[in-house]
2 protein chains.
Amino acid sequence: MTNQSIVHDVYPSRVSPKARILPRVDPVVYRNERTNSGPLTTEQLSFYEQNGYLNLTGFFASEEVQELRSEMDRLWEKNAQANRKEVIREPESQEVRSIFAVHRDNEVFRQLSQDPRLVQMIEQILGSEVYLHQSRINYKKGFTGKEFYWHSDFETWHVEDGMPRMRALSCSITLEENFHYNGPLLLVPGSHQSFITCVGETPEDHYEQSLRRQEYGVPDQENLAKLVEKHGIDTMTGPAGSVVLFDCNIMHGSNSNISPLPRSNVFMVYNSVENKLVAPFSGQQPRPDYIATRE
Amino acid sequence: MTNQSIVHDVYPSRVSPKARILPRVDPVVYRNERTNSGPLTTEQLSFYEQNGYLNLTGFFASEEVQELRSEMDRLWEKNAQANRKEVIREPESQEVRSIFAVHRDNEVFRQLSQDPRLVQMIEQILGSEVYLHQSRINYKKGFTGKEFYWHSDFETWHVEDGMPRMRALSCSITLEENFHYNGPLLLVPGSHQSFITCVGETPEDHYEQSLRRQEYGVPDQENLAKLVEKHGIDTMTGPAGSVVLFDCNIMHGSNSNISPLPRSNVFMVYNSVENKLVAPFSGQQPRPDYIATRE
């Protein structure tokens, strides 16, 4: 039984040989009784609604950042030689690129994921209680960190994980200062209102490769160029401890990092409890739990 | 007969298993009767001397840029399938990365290389007449352009081409607007005063690989980190038609370009006629003429 028989797919992707831009049919800020009782101001909510992100520079105090960074370094050491599926390596070396499910496996990051200062903002935007869909540390070391090509997270979560609608967001916490030149997060503001369908079917167990280097679920150059021409590119620079909240469907990526300065961050995805996963819209097996929490 | 018997090598590199930082023993601005009679101001010369570069934004008029860009596009088309050694392709695709010797093979770029507005500035800095050591177009297309890792050009020109001393500079002319996010040129200001020796011997015919991806003549991470900690990183942003003059020994590189916006430039190297090439300091055969003019 596929989703198609029970849930109408309003965001079909990887089903047609030609890419299209579909309009978003879901709200960005889910306005209800939570909207006016959270920590974000009306201006911040409007900015998020219009641009698809909020860059909260210097959100965490430097002592908090220091604690997170120490724990991140500890995990790097511990996992340097580890043969765990949660540890993803760089495409051209054995260096650790990401460690998944840190909110599940590590006490410091579990507490971080439940920090009320974060959760209250996120619940205010998504208009409901939320749960952790995914978490990871991205190391992006100096000298050798490679680019993350443009993508909408939602496209993958929808097709490969069965996330029905756009009611999720990512929370990226920078653990180093982000400069223009050390591969910072690039966002196309406003692109969260357009869903670019991707071309081609998803291979089985695609995630084993895609976490190192994405090849399916990649938007086409023509539509990407249109989006950037229309909206431009915003760069998320700021001191360590900044928090960027960004919509699940905003087009984003980052360039490589040849600078000596690392650009590590903690990346946590929150999904609304009203938007729990169904079977993947690809019709294939869902990705494992360390990538997408199914509970 | 090697150079070592006739020219004392003041910048030995790729000869020791350990990298070192040697002080520059050559001037940056060669001060003589030309110094006060050229187009550059005293302030510009001082800036160049101290930082190792000058970013002359909007140097060429937009009609001039348009003509150069048309010619560059024509060369791209003409060389897309060409099997010429002057055409270098991207490391991970057959896309054209650079075309060498455009000042020799193309009338528009020959004229550009002799433009008195450029040559007068360069002769003012180098304190003598100059000639073209190398020229190329770097395409760095949108979406797929890869990084150029950190390097001092002089290290390669010295070891592989036999350029005796630091009395040369590069002139990069941007043919597209350079933003922070489309892989602009990154320079370490002040690094031109330090010569980082590289480790390892040079393989025969190394240039055939190194123009696609550099592996030898690469500075070590420890000394690079020291330089950046001391000097920082300056980013060469600006409109199309900007000219960046930079010293032959300044540490530079660029990140990848996932943005849709190309970052093509013309790159011309001028050497003093007082600094003509000798036999390569590697003791090996010199690189071919389309990479290093020997006359």
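Couple of notes before you dig in:
- Residues (within 14 Å of another protein chain (Cβ to nearest Cβ) and under 13 Å from B:Asp153 (Cβ atoms)) located in segment B:249-264: B:Met251, B:His252, B:Gly253
- Just so you know, in segment B:101-126 the residues that are in contact with a Ser or Thr (Cβ under 7 Å, 6 or more places away or on another chain) and not polar (S, T, N, Q) include one that is surrounded by the fewest Cβ atoms within 10 Å (Cβ to Cβ), and it is B:Ala101.
- Restricting the first member to segment B:29-47 and to residues that are farther than 17 Å from B:Glu274 by Cβ, and the second to residues that are surrounded by 11 or more Cβ atoms within 10 Å (Cβ to Cβ) and of a type in the set (Phe, Trp, Tyr), the beta-carbon pairs closer than 9 Å and six or more apart or on different chains are B:Leu40/B:Tyr48; B:Phe47/B:Tyr53.
- Of all residues in segment B:160-192 being within 14 Å of chain A (Cβ to nearest Cβ) and assigned to a strand (DSSP E or B), the one that is farthest from B:Asn257 (Cα to Cα): B:Leu187
- Set B:Trp150, B:Trp157: member being open to solvent by less than 20 Å² (accessible area, probe 1.4 Å), of a type in the set (A, V, I, L, M, F, W, C) and within 14 Å of another protein chain (Cβ to nearest Cβ): B:Trp150
- The one condition from (1) surrounded by fewer than 24 Cβ atoms within 10 Å (Cβ to Cβ); (2) within 13 Å of the chain's Cα centre (by Cα) that B:Ser135 does not meet is (1).
- The set of residues in segment A:141-191 that are in contact with a Lys or Arg (Cβ under 9 Å, 6 or more places away or on another chain), among the β-branched types (Val, Ile, Thr) and either within 26 Å of A:Asp73 (Cβ to Cβ) or at pLDDT 95 or above (or both) comprises A:Thr174, A:Val188.
- Residues of segment B:9-23 that turn out to be of a type in the set (Lys, Arg) and crowded, with 18+ Cβ neighbours inside 10 Å, as a count: 1
- Out of A:Ser5, A:Ser37, sole residue that is out of contact with any Pro (no Cβ under 7 Å at 6 or more places or on another chain), surrounded by fewer than 12 Cβ atoms within 10 Å (Cβ to Cβ), at pLDDT below 95 and assigned to a helix (DSSP H, G or I): A:Ser5
- Selection within segment A:48-68 - touching a residue at least 24 places away in the same chain (Cβ under 8 Å) and either β-branched (Val, Ile, Thr) or surrounded by 16 or more Cβ atoms within 10 Å (Cβ to Cβ) (or both): A:Tyr48, A:Asn51, A:Gly52, A:Tyr53, A:Leu54, A:Asn55, A:Leu56, A:Thr57, A:Phe59, A:Phe60, A:Val65, A:Leu68
Yes/no matrix, rows are residues, columns are (1) in contact with a Pro (Cβ under 9 Å, 6 or more places away or on another chain); (2) at the interface with chain A (Cβ under 10 Å from one of its Cβ atoms); (3) modelled with pLDDT of 95 or more:
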position	(1), (2), (3)
B:Arg212	yes, no, no
B:Tyr216	yes, no, no
B:Asp234	yes, yes, yes
B:Gly241	no, no, yes
B:Val244	no, no, yes
B:Asp247	no, no, yes
B:Val266	no, no, yes
B:Val269	no, no, yes
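- B:Gln94, sole failed condition from (1) under 28 Å from B:Gly145 (Cα atoms); (2) out of contact with any strand residue (DSSP E or B) (no Cβ under 6 Å at 6 or more places or on another chain); (3) modelled with pLDDT of 95 or more: (3)
- Meets criteria (over 16 Å from A:Ile291 (Cα atoms), surrounded by fewer than 14 Cβ atoms within 10 Å (Cβ to Cβ), out of contact with any Asp or Glu (no Cβ under 9 Å at 6 or more places or on another chain) and without any contact (Cβ under 8 Å) to a residue 60 or more places away in the chain) for A:Gln94: yes
The values are calculated or read from the model by the stated rules, or taken from the named source; none is laboratory data. Since this is a predicted model, take the numbers as computed values, not measurements. Glycine also receives a Cβ, built like all others from the backbone with ideal geometry; neighbour counts cover every protein chain displayed. Ligands, DNA and RNA are excluded from the accessible area calculation, which covers all protein heavy atoms including side chains. Shrake-Rupley method; radii C 1.70, N 1.55, O 1.52, S 1.80 Å.
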